[in-house]
Structures are given as structure tokens and as C-alpha cells.
1. For the range 116-159: of the residues being more than 18 Å from A82 (Cβ to Cβ) and of a type in the set (D, E, K, R), which is surrounded by the most Cβ atoms within 10 Å (Cβ to Cβ)?
2. Of everything in the range 73-99, what is over 17 Å from R53 (Cβ atoms) and not in a loop (DSSP other than H, G, I, E, B)? Give them in sequence order.
3. Go through the range 38-60 residue by residue and tally those that are of a type outside the set (S, T, Y) and either in contact (Cβ under 8 Å) with a residue 40 or more places away in the chain or touching a strand residue (DSSP E or B) at 6+ places or on another chain (Cβ under 6 Å) (or both).
4. Could you check the range 101-137 and list, in sequence order, the residues that are modelled with pLDDT of 90 or more and among the acidic types (D, E)?
5. Quick test of your reading of the structure: G202 fulfils all but one of (1) surrounded by fewer than 14 Cβ atoms within 10 Å (Cβ to Cβ); (2) under 26 Å from A100 (Cβ atoms). Name the failing condition by number.
Amino acid sequence: MSNLTAGPGMAASPAQGPGHPPRIAATADVDPSAIIEPDTVIWHLAQVREYARLGPGCILGRGAYVGPGVILGKNCKVQNYALVYEPALIEDGVFIGPAAVFTNDLFPRAVNIDGTQKAAVDWEMVGVTVRTGASIGARAVCVAPLTIGRWAMVAAGAVVTRDVPDYALVAGVPARRIGWVGRSGARLQDAGDGTYVCPATGERYVENNGVLSHT
């Protein structure tokens with residue numbers, strides 16, 4: 001990667017591979033207290049706040065923001081200008097598309113009712129949790145508090161205001177389930193009797209009372 005350097009106190013590594021130090025663009029702003037694990041790449045103008053943790057093999061795109069204490073699992077991709085506000089929890093293998101936003105305040109105000117500026121003690125943060133393998137589309141907004149289930153897919157531009165089940169495909173404003181997706185990301189085909197098949201892999205899934213399970 002061009003114009004990337006190793007993280008603080010680490011030797012530069014010219015190639016990716018297991019155990020290689022993270023590579024961080026010179027224009028990125030990574031707090032010294034943040035934990036950046038091996039094989040992670042942080043691109044230009046990205047910001048990683050204090051005590052955040054990026055697991056191994058993550059990619060943080062240009063201009064992306066990761067808030068204080070946010071945790072990303074391994075092999076996550078946070079695309080350009082995505083905003084992940086604390087206290088978000090991102091499990092392994094999650095994709096967050098360009099300019100997606102995770103909120104953290106149910107009742108956002110800049111000031112208190114007496115006109116004084118709100119401080120950290122004047123509001124209670126709420127977070128977005130994204131389970132393993134899920135994907136959040138470009139410019140989607142996830143309004144905390146909520147959980148995006150395993151391998152679920154949020155369509156581009158969706159506004160998610162409630163929990164998303166495992167394997168669900170949701171779209172719209174507010175987002176609603178419009179189908180199911182498999183682990184490959186392909187939309188599942190209805191095979192009847194509550195069974196769904198992935199056209200890409202042949203994997204089979206079973207729906208029971210609105211819950212989809214991989215067989």
C-alpha cells in the first residue's frame with residue numbers, strides 16, 4: 001500500500017500476512033491508547049479515537065471514524081467516510097459501506113433546557129451491535145439502540161430503527177425485511193415448506209416463526 005507506515009513503535013512491513021504490523025497512513029489520526037491489531041490497514045484521514053480496538057485484518061477506509069471504546073472484531077471492512085460512534089460493537093467479518101452512520105443518542109440535543117451546552121454527563125449513550133458476517137450498505141443509517149443479526153444485509157440508504165434478524169435482508173425508510181440472504185450474500189430462493197436455498201452455494205436454510213436457521 002502506498003503512503004502507509006507501520007503503527008507506533010512497530011517496524012514497517014512491505015507485505016500483508018499473518019502477524020504483520022498494522023499499516024497506518026501518515027494522515028490518519030489514531031489515538032495512542034487505541035489498540036490496532038496485526039494485518040490491519042488504516043487509510044488516509046481516518047480517525048480512531050481513544051481506547052478503540054480494531055481486530056486483526058481490518059480495513060478502515062479514507063475518512064472513516066471509529067469512536068472512543070468502539071470494538072471491531074477480525075477482518076472487518078469499514079469503508080470510506082463511514083461513522084461508527086461509540087459504544088458500537090462490531091463482531092468478526094462485518095462490512096460497513098461508504099458513508100454509513102451508526103448513531104448513539106436517542107434524544108439528541110446540543111443544549112440542556114436551560115440553554116447550557118450538553119456535556120457527557122447530560123446524556124446516555126446507546127449503541128449499535130453488528131453480529132458476525134453482517135453487511136451495512138452505503139449511506140445506511142443505523143439508529144441506536146439496535147442489533148443487526150448474523151449475516152444480515154442492510155440495503156444502501158436504509159434507515160434501520162429496530163433489530164434485524166439473522167440472515168434478514170432489510171431495505172427502506174424505515175427499514176423492513178424484504179427477504180433473506182445466505183452467508184454468501186446472495187438472496188435466498190424459496191423452496192417451499194419454509195425452506196430456502198442459496199443460489200450461489202446450494203446451502204439450505206429453514207424458517208420457523210420468522211427465524212431463519214442454517215441447516
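The values are calculated or read from the model by the stated rules, or taken from the named source; none is laboratory data. Given the structure is predicted, the values throughout are model-derived calculations rather than measurements. For neighbour counting, all protein chains shown are included, and Cβ atoms are generated from backbone atoms with ideal geometry for every residue, glycine included.
1. R150
2. Those that are over 17 Å from R53 (Cβ atoms) and not in a loop (DSSP other than H, G, I, E, B): L83, F95.
3. 14
4. Hits for the range 101-137 are D105, D114.
5. Status for G202: all satisfied but (2).
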